[in-house]
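Here the structure is laid out as C-alpha cells; the discussion comes afterwards.
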Amino acid sequence: MVTIENLIIDFDNAVLKDISFSFPDNSVLLIIGRSGSGKTVLMKSMLGLIKPDSGNISIMDVDINTAPKREIRKVKSSIGVLFQNNALFDSMSVYENIALPLIYNRGNEDYSENVIEILETVHLMNISDKQIHELSGGMMKRVAIARALITEPDIIFYDEPITGLDPITSETIIKLIKELSNSEKRTTIIITHDIKGFLDFADFILMLDNGNVDFFGNKNEFMKTNNETIKKYLKSAGYI
Ligand SMILES: Nc1ncnc2c1ncn2[C@@H]1O[C@H](COP(=O)(O)OP(=O)(O)OP(=O)(O)O)[C@@H](O)[C@H]1O
Ligand SMILES: [Mg+2]
C-alpha cells in the first residue's frame, strides 16, 4: 500500500495543503494537474527528498520519514525515478549514468552486462560508450528510464516522461512504460499533462489543484465524474 495522510508542505507559501490518498501496490497511478499545482513536490516528498511540515507518507507500509533508518533505506533502494529533466550527467557516458545506482547500492564493480541488458529493454543498442550530449531527446529519455530500472525497483516514478517529445517518440515511450508496468509486478506512478495513452493502463488518478486534491479515484470514477477540468482532459485526449 502507498498511503499519504494529511501531507502539508510549506516553503515560503503552502505548496501541498492537506493531501490524503491511498492506493494498493502493483497498481498504476496517474498524477495530473496544472503547472505549479505541486506534482513534482509531491513526488519528491514520496522519495524522501523533501521533508513534510506535517503528515505521513507510507510506502510499502513503511513510514519513509519516521521508520528505523534500515527500513527506510530498504524501501528507498526499491524505488526507481525518472526525473522531470532526466537528471543525466552530461559529461558522463551512457554506461556511467546507468550504472550509477548500482555503484551506489552495491559498490564499484563492472556492470557492463547489466547495462547492456537494460538498454535492450528500453530498445537501445550499442550506445553504452556514447556521451549523453551526443544523444537525441528521445534517446536521453530512454537512457534515464534505463537508469531508473537498473536496480529492478518495485516502485517506479516517471515525472513527465513524454513532455517535449514528438508524437511518435512519445508513443514509443508510452508503450515502453506500459510494457514495463505489465511485465512485472511493479507500482507505477506517472506524472503527466497528457493522459492520452496512459489512461488506458492506469488504475487510479490523482488530480492536484493548487496544492489540494481536486480528484482521487479509480479509472471508472474518473471517466464518469462531473468535474469540469477532468472533462477537459478527457476531451483533449479524445476519450469523450
Ligand atoms: N524547493 C522549492 N522551494 C520553494 N518552492 C518550491 C520548491 N519546489 C517547488 N516549489 C514551488 O512549489 C509549487 C509546486 O511546484 P511543482 O514543481 O511541484 O509543480 P508541478 O505541478 O510539478 O508543475 P509542472 O507541471 O510545471 O512540473 C510551485 O509554486 C513551485 O514554485
Ligand atoms: Mg513538475
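Rule-based calculations on the coordinates, nothing more; no lab input. Quick caveat: nothing in here was measured; it's all calculated off a predicted structure. Positions of Cβ are backbone-derived with ideal geometry, glycine not excepted, and every protein chain shown enters the neighbour counts.
Evaluated with a Cβ-only charge set (Lys, Arg +1; Asp, Glu -1), the stretch 90-153 carries a dipole of roughly 280 debye about its Cα centre, given to the nearest 20.
The stretch 88-121 and the stretch 211-240 have their alpha-carbon centroids 39 Å apart. Highest mean first, the peptides 213-225, 75-87 sorted by other C-beta atoms within 10 Å per residue fall in the order 75-87, 213-225.
Looking at the stretch 63-130, the GluC sites (Glu not before Pro) that sit in a DSSP loop and have at most 13 other Cβ atoms within 10 Å of their own Cβ are Glu109. Within the chain, helices built from complete DSSP H runs that reach 15 Å or longer along their own axis (Cα positions) and carry a mean Kyte-Doolittle hydropathy of 0.0 or higher are 94-106, 137-149, 167-183. Taking a ≥ b ≥ c as the square roots of the eigenvalues of the Cα gyration tensor, an a/c ratio of 1.5 or more together with a/b larger than b/c marks the stretch 90-153 as prolate. Packing here is the average count of other Cβ atoms within 10 Å per residue, and on that basis the peptides 39-52, 127-140, highest first, run 39-52, 127-140. Our summary gives the stretch 90-153 a relative contact order of 50 percent, counting only alpha carbon pairs under 8 angstrom and 6 or more residues apart. Here the contact order of the chain, divided by its residue count and restricted to Cα pairs under 8 Å and six or more residues apart, works out to 27 percent. Amide H contacts for Leu165 (H built 1.01 Å from N in the peptide plane; partners 5 or more residues away or on another chain; cut-off under 5 Å): none found. Bridging of Lys231 to aspartates and glutamates at a Cα separation below 17 Å is possible for Asp194, Asp200, Asp209, Asp214, Glu221, once same-chain residues fewer than 8 apart are set aside.
Counting only lysines at least 8 places from Lys74 when in the same chain, those with an alpha carbon closer than 28 Å to its own are Lys39, Lys44, Lys51, Lys141, Lys178, Lys185.
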